[in-house]
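Novice: Sharing a structure with you now.
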Amino acid sequence: MTLLTVWDDTDPDTETLRTEDAEEIADELKQLGVRFHRWPLRDLPELPSSEQVLAAYREEVDRVIDAEGYIKVDAISMKPEDSDEWREKARAARERFLSEHTHDDDEDRFFARGAGVFYLHVDGKVYAVLCEAGDLLSVPAHTTHWFDMGTSPDFVSIRFFHDDDGWIGEFLNTDTAEKFPSFDELMASR
Ligand SMILES: [Fe+2]
């Protein structure tokens, strides 16, 4: 189940909201300009290619492209392997967007498998959205946020872009992200 947790940004120890109710989550996020939708899950091979994921969700993907004007779409997969090489790759991938940043593009993500947490820092509050398979979440351009895929990333997700460069993060150099529960902690808290 998708989980939304909210705190004041000065008080990571006190949750002001914790909900797994999809409608309540969508309502809360709507106030931030964030779209949250659920799509029915389709069958995918164990390690799907980008093309296979996009083909499985063609109809939904095309709807998002039409509505939001995206020009580029791809799918990425992470599946834990028992090797030092994979652990290093996973660590680097996790680190990349693990502290507060903004982009000048929207960040739309659909989770076809697995999970990840988007943290949105807006108006003195931190919203952690633990997305699971079937969830589509949009982070509006210029929204301060970070993303945690956990210490053992395991997901298949579709990404949408308005240009060819992908997301270029502008990092804020704050330690806010370190103060709030991580992906691993939120997963364990349910
Ligand atoms: Fe981002």
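The values are calculated or read from the model by the stated rules, or taken from the named source; none is laboratory data. Nothing here was measured: the structure is a model prediction, and the numbers come from that model. All Cβ positions, glycine included, derive from the backbone under ideal geometry; neighbour counts span all protein chains shown.
Novice: I'm told Leu120 meets every condition in (1) touching an Asp or Glu at 6+ places or on another chain (Cβ under 7 Å); (2) under 27 Å from Gln31 (Cα atoms); (3) crowded, with 19+ Cβ neighbours inside 10 Å except one. Can you identify the failing condition by its number?
Specialist: Every listed condition holds for Leu120 apart from (1).
Novice: Still on this structure: Is it fair to say Gly116 is within 15 Å of the ligand (Cβ to nearest atom), under 27 Å from Pro45 (Cβ atoms) and out of contact with any Leu (no Cβ under 9 Å at 6 or more places or on another chain)?
Specialist: no
Novice: Moving to a separate point now. Given the range 48-156, what strands (runs of 3 or more DSSP E) lie entirely inside it while holding 3 or more residues that are closer than 19 Å to Ala22 by Cβ and aliphatic (A, V, I, L, M)?
Specialist: 107-122, 125-132, 135-139
Novice: Right, next: Against the definition (in contact with a helix residue (DSSP H, G or I) (Cβ under 7 Å, 6 or more places away or on another chain) and within 30 Å of Asn173 (Cβ to Cβ)), how does Leu98 come out, yes or no?
Specialist: Yes: the conditions hold for Leu98.
Novice: Collect the residues in the range 33-47 that are in contact with a Lys or Arg (Cβ under 9 Å, 6 or more places away or on another chain), outside any strand (DSSP E or B) and in contact (Cβ under 8 Å) with a residue 60 or more places away in the chain, keeping them in residue-number order.
Specialist: Leu41, Leu44
To keep it simple, each residue is scored yes or no on (1) farther than 23 Å from Val73 by Cβ; (2) small (Gly, Ala, Ser); (3) modelled with pLDDT of 95 or more.
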{"position": "Phe118", "(1), (2), (3)": "no, no, yes"}
{"position": "Asp123", "(1), (2), (3)": "yes, no, yes"}
{"position": "Val126", "(1), (2), (3)": "yes, no, yes"}
{"position": "Leu130", "(1), (2), (3)": "yes, no, yes"}
{"position": "Asp135", "(1), (2), (3)": "no, no, yes"}
{"position": "Thr143", "(1), (2), (3)": "no, no, yes"}
{"position": "Phe147", "(1), (2), (3)": "no, no, yes"}
{"position": "Ser152", "(1), (2), (3)": "yes, yes, yes"}
{"position": "Phe155", "(1), (2), (3)": "no, no, yes"}
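Novice: I'd like the full set of residues that are out of contact with any Cys (no Cβ under 9 Å at 6 or more places or on another chain), within 12 Å of the ligand (Cβ to nearest atom) and not small (Gly, Ala, Ser), limited to the range 122-141.
Specialist: Hits for the range 122-141 are Val139, Pro140.
Novice: Next question, about the same structure. Starting from residues that are in contact with a Phe, Trp or Tyr (Cβ under 9 Å, 6 or more places away or on another chain) and touching a residue at least 12 places away in the same chain (Cβ under 8 Å), keep the ones in the range 10-24 and report whichever is nearest to Glu132 (Cα to Cα).
Specialist: So, considering only residues that are in contact with a Phe, Trp or Tyr (Cβ under 9 Å, 6 or more places away or on another chain) and touching a residue at least 12 places away in the same chain (Cβ under 8 Å), the one nearest to Glu132 (Cα to Cα) is Ala22.
Novice: Glu107 versus (1) acidic (Asp, Glu); (2) surrounded by 15 or more Cβ atoms within 10 Å (Cβ to Cβ); (3) in contact with a His (Cβ under 7 Å, 6 or more places away or on another chain): which is the lone unmet condition?
Specialist: Failed condition: (3).
Novice: For the range 142-175, what are the residues that are within 14 Å of the ligand (Cβ to nearest atom), polar (S, T, N, Q) and touching a residue at least 60 places away in the same chain (Cβ under 8 Å)?
Specialist: Thr143, Ser157
Novice: Of the conditions (1) of a type in the set (A, V, I, L, M, F, W, C); (2) closer than 27 Å to Ala55 by Cβ; (3) within 16 Å of the ligand (Cβ to nearest atom); (4) more than 14 Å from the chain's Cα centre (by Cα), Ala90 clears all except one; give me its number.
Specialist: Failed condition: (3).
Here is a yes/no grid of residues against (1) closer than 20 Å to Cys131 by Cβ; (2) surrounded by 12 or more Cβ atoms within 10 Å (Cβ to Cβ):
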| site | (1), (2) |
| --- | --- |
| Ala26 | yes, yes |
| Gln31 | yes, no |
| Phe36 | yes, yes |
| Ala55 | no, yes |
| Asp62 | no, yes |
| Asp66 | no, no |
| Gly69 | no, no |
| Asp84 | no, no |
| Ala90 | yes, yes |
